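What follows is a single structure, written as structure tokens, with notes after it.
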Amino acid sequence: MIKYSLLFICNFIFVVVLSQSQASIVLQTKNTHLVLTVGNNHRLYQSYLGARLTSPGDLEKLSGGREVYLTGGMENQFEPAIRMVHADGNPSLELEYASHTTEQKENVSYINIILKDPVYPVKVQLQYRGYFNEDVITCNATIQHHEKKPVRLTQYASSLLHFNAGTYWLTQFHGDWAREANMVDEQLTNGIKNIESKLGTRTNFYQTPAFFLSLDKPATETSGELIAGTLGWTGNFQFTFEIDQRNQLRLRSGINPFASDYTLNPGELFTTPEFIFTYSNQGKGQASRNLHRWARNYAVLDGKSPRLTLLNNWEATYFNFNETKLIELFDGAKQLGVDLFLLDDGWFGNTFPRDSDKAGLGDWQENKSKLPNGIGRLVAEATKRGIKFGIWLEPEMVNPKSDLYQQHPDWILRLPNRAVHLARNQLVLDLTNPKVQDFVFSIVDGLLTKNLGVAFIKWDCNRSMTNAYSAYLKEKQSHLFIEYTRCLYKVLDRIRARYPHLPIMLCSGGGGRTDYGALKYFTEFWPSDNTDGLERIFIQWGYSYFFPANTMAAHITSMGKGQSLKFRTDVAMAGKLGYDIRVNEFTPQELQFSQEAVTTYKRINDVIWQGDLYRIISPYEENRAVTMYVNDKKSKAILFNYILNVRRKDIFTRVQLQGLDAQKKYRFKEINLFPGTKANNPDNDKVFTGDYLMTVGLNLTPGKVLSLTSNVYEITEE
Ligand code: DGJ
């Protein structure tokens, strides 16, 4: 007879169904159930993943399914979650359920399941976390053995999930420099599709490590069943979608095992990164909101705290600046009313001055001719003007033209007997070497200790790995990709232990590093070097599926042909607003507009940073884009309306708003107007019920529709 016990803890229900030889393990979030059961053969099966079942009796009926952490080498003929070659050469693994523990700490439930090989002393622990209110589940594995000699791991997934649907639809995000996060939808067919990176560093250069998998039909923003998944890992990743002969889909997620066989010593723990996913049967919008909430609450450094607005000098000066020029730019930051000035690349190097990207990387001393009085003077001048000071670093890299390269040739990743392969004239330092870790830590720590006022760092990483070989790892070259990422985290752990809340922007030649493994150390990321407003609508749209607005740095620059400052500002306001422009070249009206925009942004940014995002009209479907952020209380919303390059044929229908309270009354008011212009919407400054706004909707394009124009509306409960 099956016995079950129900534990009610606050709002959360933990169900543990027990019998003599069987255990059924249930992970529950507000709207999701994941049910695992143990078969008579002691193997662990995924019996259910989907919408929450409301009656406990239903849970008891679930059994069977497909094996949770499929092994390689025995009867499984499909992609395994794990493949191990034992010390004696036996290339097989069998995993049987041994035990599990459950724990509930407020909103988060923890389940650890131990699986063991009945013959070899190998143990795998599967770790699940359920974030109840956010409807997010994370899972990963820890692999260990006690054989006499090392074993070889050739596959080590974070998770393997199974699906049974009529059809499967994949949404992925790919790109390149200055055209990141392009969204592509396709139907999956039998066989294997991989989304992956082999780049080592700057790993998301071509592929964002995130996807939607829709079941039975392509999900829309508001309908359809899907999971949204991403991996918390800043190195090579791989998502494998395999549809078998019976149309069953296996989804494997984890580190990309490409060129990365791992020799695991007896007793050593191999812990995989977390696969993070959310299930939604209400489309992509809900899935994004789940992930955004989870990210702000748990995954991004200081995700609930305010961010700094800033003026950056990269596009305004590139490498061509000196102390006087920079101090003049500080005046621009002060005039705008932003919080911080961010000094970008080009401030360092003396034997090899950093006057272009050809030299100086690695020599992190102030360039004496550009900055004769050092960073200290810059901090002091910024402070005088009431603004903070931040600085750019790229501490993982080196130019051959640098003192560092000449002093420590063994600190650099490069193949013996082969020419070095430069990208952006630089090479990657060998972070697996503890001396290099100390060096990178000391650069950051030294800078911050010497210049107490430095309040922000932009951490860049401008190349991926090629011709890579670590002198330090010696015969363990196949550990390089994994060790590099682990060692990067070690350095970041040390930095965070000493500077727990210093805001740091994650940058990688644009959006080459955008993952939740890194974001626990960073407050925000740089999505792209492309700051053209029109392009940014698409780029920010792509990232918005997985990352909340407070993590997405969006700067107003001079890029964007034919685009007004108003248009570019409205686009940047939908993320974490900053500037990278010569303020002294503004017309008086542009300056007034920008000053007012910064003030407005500071008043409303809480809704944008912490609110729920509703993507209402997609730029992929129409020549416009409409998005809304709504605060928790549903008392305030900010709506962004962007017109792209309109054509004669375009007909723009009324827009039904989302996320409001139908019962409440709201005032609809245009904000962020350019000086001398007035709102042209006849509905402006009128009061509507939430019901009206969401059911009847509003015409957001009254009158003549002009390309590359935009509006920002504030919707406030009366
Ligand atoms: C690449 C970044 O994406 C840019 O914003 C800028 O910081 C440059 N690197 C500096 O070299």
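The values are calculated or read from the model by the stated rules, or taken from the named source; none is laboratory data. Source: prediction; values computed, not measured. FYI the Cβ positions are ideal-geometry reconstructions off the backbone, even for glycines, and counts take in every protein chain you see. With ligands, DNA and RNA removed, areas are computed over all heavy atoms of the protein, side chains included. Shrake-Rupley method; radii C 1.70, N 1.55, O 1.52, S 1.80 Å.
Structural remarks
- Counting the residues of the range 74-92 that are in contact with a Ser or Thr (Cβ under 9 Å, 6 or more places away or on another chain) and surrounded by fewer than 17 Cβ atoms within 10 Å (Cβ to Cβ) gives 2.
- Top-ranked residue of the range 469-503 - restricted to ones that are touching a helix residue (DSSP H, G or I) at 6+ places or on another chain (Cβ under 7 Å) and among the hydroxyl-bearing types (Ser, Thr, Tyr), ranked as most open to solvent (accessible area, probe 1.4 Å): Tyr469
- Verdict on Asp345 being under 32 Å from the mean Cα position of the chain (by Cα), within 22 Å of Ile412 (Cα to Cα) and not small (Gly, Ala, Ser): yes
- Single residue of the range 643-667 satisfying the filter (of a type outside the set (A, V, I, L, M), in contact with a Gly (Cβ under 8 Å, 6 or more places away or on another chain) and assigned to a strand (DSSP E or B)) that is surrounded by the most Cβ atoms within 10 Å (Cβ to Cβ): Tyr666
- Unique residue being of a type outside the set (Lys, Arg) and farther than 25 Å from Met183 by Cβ when the list is Leu577, Leu591: Leu591
- Complete set of residues in the range 442-468 that are over 24 Å from Lys358 (Cα atoms), open to solvent by less than 30 Å² (accessible area, probe 1.4 Å) and more than 16 Å from the ligand (Cβ to nearest atom): Asp445, Leu448, Asn451, Val454, Ala455
- Restricting the range 247-300 to residues that are in a helix (DSSP H, G or I) and out of contact with any strand residue (DSSP E or B) (no Cβ under 7 Å at 6 or more places or on another chain), the residue that is surrounded by the most Cβ atoms within 10 Å (Cβ to Cβ): Ala299
- Residues that are within 29 Å of Ala299 (Cα to Cα) and under 30 Å from the mean Cα position of the chain (by Cα), drawn from the range 68-100: Val68, Tyr69, Leu70, Pro80, Ala81, Ile82
Residues checked against (1) outside any strand (DSSP E or B); (2) touching a His at 6+ places or on another chain (Cβ under 9 Å); (3) within 16 Å of the ligand (Cβ to nearest atom); (4) under 30 Å from Leu49 (Cα atoms):
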{"residue": "Gln335", "(1), (2), (3), (4)": "yes, no, no, no"}
{"residue": "Val338", "(1), (2), (3), (4)": "yes, no, no, no"}
{"residue": "Leu342", "(1), (2), (3), (4)": "no, no, yes, no"}
{"residue": "Gly346", "(1), (2), (3), (4)": "yes, no, yes, no"}
{"residue": "Arg354", "(1), (2), (3), (4)": "yes, no, yes, no"}
{"residue": "Leu371", "(1), (2), (3), (4)": "yes, no, no, no"}
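- Qualifying position, being closer than 17 Å to Leu502 by Cα and at pLDDT 95 or above, among Leu393, Leu361, Leu429: Leu393
- Checking Tyr484, Tyr489 one by one, the residue that is of a type outside the set (D, E, K, R), over 14 Å from Leu413 (Cα atoms), away from the ligand (no atom under 16 Å from the Cβ) and outside the structural domain of Val444 (by TED's automatic domain parsing) is Tyr489 and no other.
- Taking the conditions (1) surrounded by fewer than 22 Cβ atoms within 10 Å (Cβ to Cβ); (2) under 17 Å from the mean Cα position of the chain (by Cα) in turn, Asn204 satisfies each one other than (1).
- If you go through the range 210-232 and pick out every residue that is at positive phi and either β-branched (Val, Ile, Thr) or assigned to a loop (DSSP other than H, G, I, E, B) (or both), you end up with 1.
- Qualifying positions in the range 411-430 - in contact with a Phe, Trp or Tyr (Cβ under 8 Å, 6 or more places away or on another chain) and either open to solvent by 10 Å² or more (accessible area, probe 1.4 Å) or among the aromatic types (Phe, Trp, Tyr) (or both): Trp411, Arg414, Leu415, Pro416
- Residues in the range 57-73 that are open to solvent by 50 Å² or more (accessible area, probe 1.4 Å) and part of a loop (DSSP other than H, G, I, E, B): Lys61, Ser63, Gly65, Gly73.
- Residues satisfying the stated conditions in the range 516-531, i.e. open to solvent by 20 Å² or more (accessible area, probe 1.4 Å) and more than 14 Å from the ligand (Cβ to nearest atom): Lys520
- Boolean, Leu431 is away from the ligand (no atom under 16 Å from the Cβ), assigned to a helix (DSSP H, G or I) and hydrophobic (A, V, I, L, M, F, W, C): no
- Residue match in the range 583-593 (condition: buried (at least 24 other Cβ atoms within 10 Å of the Cβ) and either within 16 Å of the ligand (Cβ to nearest atom) or more than 21 Å from the chain's Cα centre (by Cα) (or both)): no
- Checking the stated criteria, Ile504 turns out not to satisfy the condition of being within 16 Å of the ligand (Cβ to nearest atom), of a type in the set (A, V, I, L, M), in contact (Cβ under 8 Å) with a residue 12 or more places away in the chain and within 17 Å of Ala574 (Cβ to Cβ).
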